Amino acid sequence: MGLLSDPNRRKALTRLNAPICIVCYLAAIVWFMGLAFEPFPLRTYMSENAMGSTMMEERFSAGDRGLSLAKEFDAHKRKAGGMPVEWLVKAMRARGLEVFTQSFSRKLPFPDENKERYMVGGRNVYGILRAPRAPRTEALVITAPCSPGNSNNQAVGLLLALAQYFRNQIYWAKDIIFLVNEHDLIGMQAWLEGYHHTNITGMEYSPLQGRAGSIQAALSLELSSDVITSLDLILEGLNGQLPNLDLANLFYAFCQKLGALCTIQGKLQRNDWDTAEGYTHAAQTMMLMVLKQACGQSWGDHGLFLRYYIEAASIRGINSFRHYKTDATTIGRLLEGMVRKLNNLLERLHQSYFFYLLPSLSRFVSIGYYMPAFGLLAVILLLRALDLWVHLGAPALAAVDGVTEAEQPSSPGMLTVLTPVVISHLTGVALYLLPVHLQEMVVEHFPVSETEAVVLTAIAIYTAGLALPHNTQRLLSGEGTEQGWKVLKLTALLYLAVLLGCTALINFSLGFILAVTLVPITASITPHMPKALCALAMVLLSPAFTILYCVFIYQELIEAPVSEGWMLFLSVISQGILDHALNGSLVYPLLALFIYPCWLMFWNILFWN
């Protein structure tokens, strides 16, 4: 408190405030980019004692049988024009499983043009292998989504081959559920809601007739080719959730044991960490994880398990590195080893990290290492707020009869500060509600589809918010005072600091990306700056342009055509709204109801009279 009560120290704080903020911002960027350098990330290790050793003999040898079952499944799927439910039921029963089906239906708020669906209806098929040596109170799940066309047929065939092999083993202490779900995340959400007797998304589904024990872990398998050259581990779940790090460590350990080529973010691991190329590779891998986690969507069926505190991951087969090849038997043995280790668990995975970043599968960055980068950015907002508070409390100097006297500044009226705050949040509410509700009216008056109507309405409302300063000043009586914009900025700075802090605790990647773009302009904006130049800077650093930059950076990192970035940006907007409606993703309401209104408050400060 001496820093604030001593006038000399307050002057020093005011004088050094800007240099300290610049140093903090640069230090945050350097700290974060340095996390991919070898001395920073720790080597991965198994924390759970029950999974500490891979010294077991995997005996699965029915990989070829799995591929033949995949061909049968593909033939029956073509014949049925969708998932061959009857054939799957018969195939699972022939392997000694208790087989059940579940029907579900869901009407989307607007058509999903990426997957060409609107009214979605389907059935899930699952078989339960009861544990012969336990009271059947716990379970594991192996799932393979039934995708349209030729996608994922090999995963379903291998799942059936594993079910037949597991049926002949006697060491299972947990029930094992083999699930084939239709319509990817929609079918998986229906099954999970039915299994846990919940309905959080408004989906219609039939109750499950058969249940196993409490699900401890889940693995989702995605194979779409007979030739698999590498196995990619997918961890990012809904709202940036990640499974326990031990699950990734278990996958990596068995890949090392069986000689299977494994990747993370589709990138191979390099051993030349001390070279510029090695660092660049690790940094790109870590940035891909940050971008995928920040978007808040589930990158595989496993992501929906995480909201039920079930540790889950997706294993995706990739056919790209031609000089490597992993056969179906090896993949089956990998799954066998992982399931046997998970079968040994006496409690849920909890001893390792839940918050981490992965520059590779052999190294990780824990929350204790990456959180200081965000803390340095948050300090900037607090320092600027403290500087404003000192200025607000300082008496103004006025000359009376040639004598300089200190006058206590007048406080701005409540309406002066409250009006832009309310209007900003009302604009955010309109951005959140109106795009979906106005789609029919837009389609009637303009030659666009429903999806295009939703996206264009969202962009129109977002752009209309730029007129906020004019509308605010029409409601206020007279002009705003110098004290008024300072109080408004002080409020907005603290508000933004709380928003970004809460976001970073839930989804660090999203909070950090927003802080990198929002902190510089919000910390420095004043009404006395050049209007045109600052307005351009604020627009270029607004939340919408942040999403656009992330799309282009993601396209560059995965070596995809950057020219498709604009269309992908529009698709990201529609998918963000759909993910919120279907799966409960929080990114769209966070941006619409909180981040965008907060940005509008700073936009109002720039045009303060």
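The values are calculated or read from the model by the stated rules, or taken from the named source; none is laboratory data. Treat the numbers as computed from the prediction; the structure is a model and nothing was measured. With ideal geometry, Cβ positions are generated from the backbone for all residues, glycine too; neighbour counts draw on all protein chains shown. Just the protein is used for accessible areas: all its heavy atoms, side chains included, with ligands, DNA and RNA removed. Shrake-Rupley method; radii C 1.70, N 1.55, O 1.52, S 1.80 Å.
Which residue, of Phe60, Phe40, Phe100, is within 30 Å of Tyr353 (Cα to Cα) and either aromatic (Phe, Trp, Tyr) or crowded, with 18+ Cβ neighbours inside 10 Å (or both)?
Sole residue among the options that is within 30 Å of Tyr353 (Cα to Cα) and either aromatic (Phe, Trp, Tyr) or crowded, with 18+ Cβ neighbours inside 10 Å (or both): Phe40.
Residue by residue, here is whether (1) over 19 Å from Pro109 (Cα atoms); (2) of a type in the set (D, E, K, R); (3) open to solvent by 10 Å² or more (accessible area, probe 1.4 Å); (4) assigned by the TED database to the domain that holds Thr451 holds:
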residue: Leu557; (1), (2), (3), (4): yes, no, yes, yes
residue: Ala560; (1), (2), (3), (4): yes, no, yes, yes
residue: Glu564; (1), (2), (3), (4): yes, yes, yes, yes
residue: Ala581; (1), (2), (3), (4): no, no, yes, yes
residue: Tyr588; (1), (2), (3), (4): no, no, yes, yes
residue: Pro597; (1), (2), (3), (4): yes, no, no, yes
residue: Leu600; (1), (2), (3), (4): yes, no, no, yes
Restricting to segment 184-210, name every residue that is at pLDDT below 90 and either in a strand (DSSP E or B) or of a type outside the set (Ser, Thr, Tyr) (or both). Asp184, Asn199, Ile200, Gly202, Met203
Under 6 Å by Cβ, and 6 or more places apart or on different chains, what pairs join a residue from segment 103-125 that is closer than 26 Å to Leu208 by Cβ with one that is part of a strand (DSSP E or B) and basic (Lys, Arg)? Ser103/Arg123; Met119/Lys107; Val120/Arg106
Of the residues in segment 225-248, those that are over 20 Å from the mean Cα position of the chain (by Cα), open to solvent by 10 Å² or more (accessible area, probe 1.4 Å) and not small (Gly, Ala, Ser) come to Asp226, Val227
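If you scan segment 136-147, which residues turn out to be more than 18 Å from Tyr205 (Cβ to Cβ) and either free of Cβ contacts under 8 Å to residues at least 12 places away in the same chain or not in a loop (DSSP other than H, G, I, E, B) (or both)? Show your work before the answer.
The initial filter retains those residues of segment 136-147 that are more than 18 Å from Tyr205 (Cβ to Cβ), namely 136-140, 142, 144, 147.
Of everything in segment 136-147, those that are more than 18 Å from Tyr205 (Cβ to Cβ) and either free of Cβ contacts under 8 Å to residues at least 12 places away in the same chain or not in a loop (DSSP other than H, G, I, E, B) (or both) turn out to be Glu138, Ala139, Leu140, Ile142.
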Would you call Leu342 surrounded by 18 or more Cβ atoms within 10 Å (Cβ to Cβ), among the hydrophobic types (A, V, I, L, M, F, W, C) and under 21 Å from the mean Cα position of the chain (by Cα)? no
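Conditions (1) modelled with pLDDT under 90; (2) surrounded by fewer than 19 Cβ atoms within 10 Å (Cβ to Cβ), marked per residue:
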{"residue": "Met33", "(1), (2)": "no, yes"}
{"residue": "Ser47", "(1), (2)": "yes, yes"}
{"residue": "Ser53", "(1), (2)": "yes, yes"}
{"residue": "Gly66", "(1), (2)": "no, no"}
When you check Tyr171 against the structure, is it under 22 Å from Pro84 (Cα atoms) and among the hydroxyl-bearing types (Ser, Thr, Tyr), yes or no? no
Test Lys174 against the criterion of being closer than 25 Å to Glu58 by Cα and out of contact with any strand residue (DSSP E or B) (no Cβ under 6 Å at 6 or more places or on another chain), and give yes or no. no
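Residue-wise test of (1) at pLDDT below 90; (2) more than 27 Å from Tyr126 (Cα to Cα); (3) in a helix (DSSP H, G or I).
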{"site": "Ile215", "(1), (2), (3)": "no, no, no"}
{"site": "Ala218", "(1), (2), (3)": "no, no, no"}
{"site": "Ser225", "(1), (2), (3)": "yes, no, no"}
{"site": "Leu242", "(1), (2), (3)": "no, no, no"}
{"site": "Leu247", "(1), (2), (3)": "no, no, yes"}
{"site": "Tyr252", "(1), (2), (3)": "no, yes, yes"}
{"site": "Asp272", "(1), (2), (3)": "yes, yes, no"}
{"site": "Gln284", "(1), (2), (3)": "no, yes, yes"}
Here the residues within segment 197-224 that are touching a Lys or Arg at 6+ places or on another chain (Cβ under 6 Å) and open to solvent by 20 Å² or more (accessible area, probe 1.4 Å) are Glu222
